Every structure is written in structure tokens, then in C-alpha cells.
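The structure under discussion appears below in the form of C-alpha cells.
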Amino acid sequence: MIHHWALTAIGFAGAAVLGVLDFLDRTQPRPHQFICTRTRLIADLEGLVGKNKVDEALAQLIKLGWVVRREETVWGQRNLQTRHHYALCPDTVAEFLVGEGISGVPEPGRHL
């Protein structure tokens, strides 16, 4: 789901990435789970957002503090492999929404 406030605040690519992370976060029993990789984001948004735009959006969301990145390095067959996992930081997004005066309940006749 892409919210109008996200489109105006961070653009289409950022809103799309945020929407995927929000959806995946809601499927977990606890918030703030590191379950999404860059590869998964690119695959989920194929046809909507290019991989360069996904990278730019992730960098922007990390800078804003809305997304947190965790790095994991493991031994591969021949060398070390580093994987990055991303998680939505709902508290930071909520602080932004409160600061902007955006509530979770739409006005009559309007959709988020």
C-alpha cells in the first residue's frame, strides 16, 4: 500500500519501498523485524521501481531513520559474504506523522 503522505514526503520510489516494508512488518508477530533484503525489495517492486531507485530510496529512508539496516557477514563457499537486512522503524515514522499533523484516520470522503 502506498500512502499519499509518503508520496509527497519521499517520492514514489521511497513510498513503494516503505509500503513493502510496512506490509512485511505487519505480517510478523513483533514489529521491527529484520526480514527483508535488497534483493527481495527489487523483486517485489519489479516493473514499478528500478533497482537504482530502490537503492536511492533505501539510502534516503535510512538517512531519515525510517528504515534500519543490519549487516550480517558469513562464510560462503570461497569467501566472506555480507548480507544486509532491512526493517521498518515504526516509531520514527509515527513521530514524523505526528509532527506533520497526519493521523491514521482519514477525514470523511478521503483515503490515506
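Things worth noting here:
- Take the Cβ atoms of residue 85 and residue 8, set R0 to 41 Å, and the FRET efficiency comes out at 0.90.
- Between helix 4-26 and the chain: long-axis angle, C-alpha atoms, 0 to 90°, nearest 10: 60 degrees
- Unit charges on C-beta of K, R, D, E only; dipole of segment 23-65, Debye: 120 debye
- Computed from Cα positions, the angle between helix 51-64 and the longest principal axis of the chain comes to roughly 70 degrees.
- A simple count of charges around residue 2, restricted to other residues whose Cβ falls under 13 Å of its Cβ and scoring Lys, Arg +1 and Asp, Glu -1, yields -2.
- Protection proxy ranking of 58-64, 28-34 - average other beta-carbon atoms within 10 Å, highest first: 58-64, 28-34
- Overall, the chain carries a charge dipole of about 400 debye about its Cα centre when +1 sits on the Cβ of Lys and Arg and -1 on the Cβ of Asp and Glu, all other atoms neutral.
- Note on residue 95 and residue 72: their simple-model spin labels are 2.7 nm apart, each label 7 Å out from Cα toward Cβ.
- Within-10-Å neighbourhood charge of residue 20 [Cβ basis; K, R +1; D, E -1]: -2
- Considering only 23, 85, 68, the residue lying farthest towards the positive end of the dipole of the chain is 85, judged by Cα position with unit charges set on Cβ.
- Computed over neighbours whose Cβ is under 14 Å from that of residue 81, the net charge equals +1, Lys and Arg +1, Asp and Glu -1.
- As computed over segment 4-100, the Cα convex hull volume per residue (Å³): 111 Å³
Only the coordinates and a few stated rules stand behind these numbers; no lab work does. Since the structure is predicted, the reported quantities are computational estimates derived from the model, not experimental observations. Backbone-built Cβ (ideal geometry, glycine too); neighbour counts: all protein chains shown.
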